[in-house]
1. Report the relative contact order of segment 237-327, percent, no decimals, based on alpha-carbon pairs under 8 angstrom and at least 6 residues apart.
2. Rounded to the nearest angstrom and ordered from largest down, what semi-axes does the equivalent ellipsoid of segment 237-290 get from its C-alpha gyration tensor (root of 5λ)?
3. Taking the Cα-to-Cβ direction at residue 178 and at residue 92 and moving 7 Å from each Cα, how far apart do the two end points lie in nm?
4. Using alpha carbon centroids, what distance separates segment 254-332 and segment 179-249, in Å?
5. Of all alpha-carbon pairs in the chain, indicate the percentage at a distance above 29 angstrom.
6. Among 96, 33, 9, rank each residue by its count of other Cβ atoms within 10 Å, from fewest to most, as a rough exposure measure.
7. Rank the residues 57, 261 as a footprinting-exposure proxy: fewest other Cβ atoms within 10 Å of their Cβ go first.
8. Using Cα pairs under 8 angstrom and six or more residues apart, how large is the relative contact order of the chain, in percent?
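What follows is calculated from the coordinates using simple rules that are stated; it is not laboratory data. Values in this document were obtained by computation on a predicted structure and should not be read as measured data. Here the Cβ is made from the backbone with ideal geometry for all residues, glycine too, and neighbour counts use every protein chain on show.
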């Protein structure tokens with residue numbers, strides 16, 4: 001994937017800019033907040049008021065970071081309030097594009113052919129990677145945020161007074177400290193950990209990331225043996241941040257990113273938990289394995305030079321799960 005330099009696109013590959021062979025993910029560049037009254041957000045940035053129809057979300061159906069925003073948009077009943085564009089699954093010399101293809105939803109705001117044009121519309125001298133998701137303000141014609149963890153918190157609560165479903169709260173104040181504590185190691189070792197494995201350029205870096213990934217998966221497997229969800233007995237933001245990685249793990253990360261010590265299917269609790277979350281009404285509609293597999297295997301030519309997309313594995317996320325056992329135990 002290329003990047004913008006002073007507002008000019010270059011197809012110089014930026015995969016795995018490494019330190020000692022270790023993949024290093026750069027911080028997101030746009031970190032403003034939509035708030036109920038347009039005031040400052042948690043990081044001190046603000047000025048974007050929650051209003052129905054004002055904001056637009058650019059996503060890839062393949063990307064796990066974008067997937068979490070789709071889940072929140074769906075479950076918070078914000079589909080009519082926050083419009084949507086979907087890029088093509090194949091990311092080549094021009095980065096994310098709106099080229100015609102299955103599932104693509106073109107850009108209605110700028111008529112952009114490439115996502116990097118959305119970035120330069122917001123900042124003509126922007127330098128950096130062009131990533132999804134992107135939350136766009138139609139009124140001010142600029143990017144609010146391209147940081148998924150902050151976008152989902154905006155979608156979770158900022159619009160509650162004007163649109164959507166205010167009864168759904170995935171990050172209640174009483175649970176926030178525990179949610180944050182759970183999120184941190186999962187992000188470091190699982191969400192980003194699979195990329196540290198896949199984009200490592202030295203054996204040592206790969207093995208270090210691999211060990212941390214499976215140590216954290218083992219820890220979460222044990223946690224889910226004792227409680228139904230990551231932060232207790234209710235679904236929270238922590239669960240929706242983990243799910244996109246779990247859904248991609250066996251179809252992509254096991255083979256493509258060499259995360260092959262165990263599959264999610266080999267973890268009884270994690271596999272049942274994945275099926276339960278997938279079966280929450282509305283979530284399955286946000287999952288597109290066609291885009292997921294074709295993006296990873298077809299776009300990462302430094303990892304998979306032939307671009308061949310595996311046919312398998314066969315996974316039934318709609319199969320029965322056993323997570324209801326916790327409700328039954330509580331009732332006894």
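1. After rounding, I find 32 percent.
2. Value: 19, 13, 9 Å, ordered largest first.
3. Result for the modelled spin labels: 4.9 nm.
4. Segment 254-332 and segment 179-249 have Cα centres separated by 13 Å.
5. Every Cα pair in the chain considered, those over 29 Å come to 37 percent.
6. So the residues, fewest neighbours to most, are 9, 33, 96.
7. 261, 57
8. 19
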